[in-house]
Amino acid sequence: MCTSFKVALLNGEMDFSSDTSQSFKIALYTSDATLDATTTVYSTTNEASGTGYTAGGNTLTIATNPTSDTATSGTVAYLDFSDSSWASSSITARGALIYKSGGTTPAVAILDFGSEKTSSNNTFTVTFPTSAATSAIIRVG
């Protein structure tokens with residue numbers, strides 16, 4: 001998770017509940033991008049490109065939300081997104097940024113794929129981890 005996201009949580013600037021005025025997106029990036037915990041906002045610098053990919057990425061769907069008792073375990077609350085795909089695409093990406101769309105487009109989390117991933121006129125999919133207290137993409141405990 002980005003440090004600025006943690007601050008935004010404490011300031012009440014992030015709402016993952018049923019507030020439809022806030023949506024979250026995932027953008028893909030090349031290996032030239034500098035993405036880490038200090039990333040604060042979405043940027044087009046070194047964003048992936050290619051057939052089937054639009055700058056800004058895809059809108060994410062929240063799959064598991066901490067507004068329900070099923071998204072807590074012990075002292076951990078967690079949130080997960082549905083997998084995100086780009087069909088019939090030709091994309092090469094090394095990582096991704098989850099960010100809040102609109103306004104200043106604040107960063108939420110960085111995903112490092114470990115190596116470049118490529119689709120060649122095929123579906124490029126970001127598969128999120130299992131929705132659980134020990135593995136969900138966003139966990140607060």
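Every read-out reported here was derived from the displayed coordinates using simple, explicitly stated rules and does not represent laboratory data. Predicted model, so just to flag it, every value in this text is computed and none were measured.
Points worth noting:
- Amide H to amide H distances under 5 Å link Arg94 with Tyr29, Thr30, Ser31, Lys117, where only residues 5 or more positions off or on other chains count and H is placed in the peptide plane.
- Close amide H contacts of Val108 (hydrogens built in the peptide plane, cut-off under 5 Å, sequence separation of 5 or more or a different chain): Ile98, Tyr99, Lys100.
- Ellipticity estimate at 222 nm from DSSP helix runs (n ≥ 4, -39,500 (n - 2.57)) divided over the chain, nearest 500: -1500 deg cm²/dmol
- Applying the Karplus relation 6.51 cos²θ - 1.76 cosθ + 1.60 with θ = phi - 60° to segment 41-50 yields 3J(HN,Hα) values of 8, 5, 9, 7, 4, 6, 6, 4, 8, x Hz, where x marks Gly and Pro.
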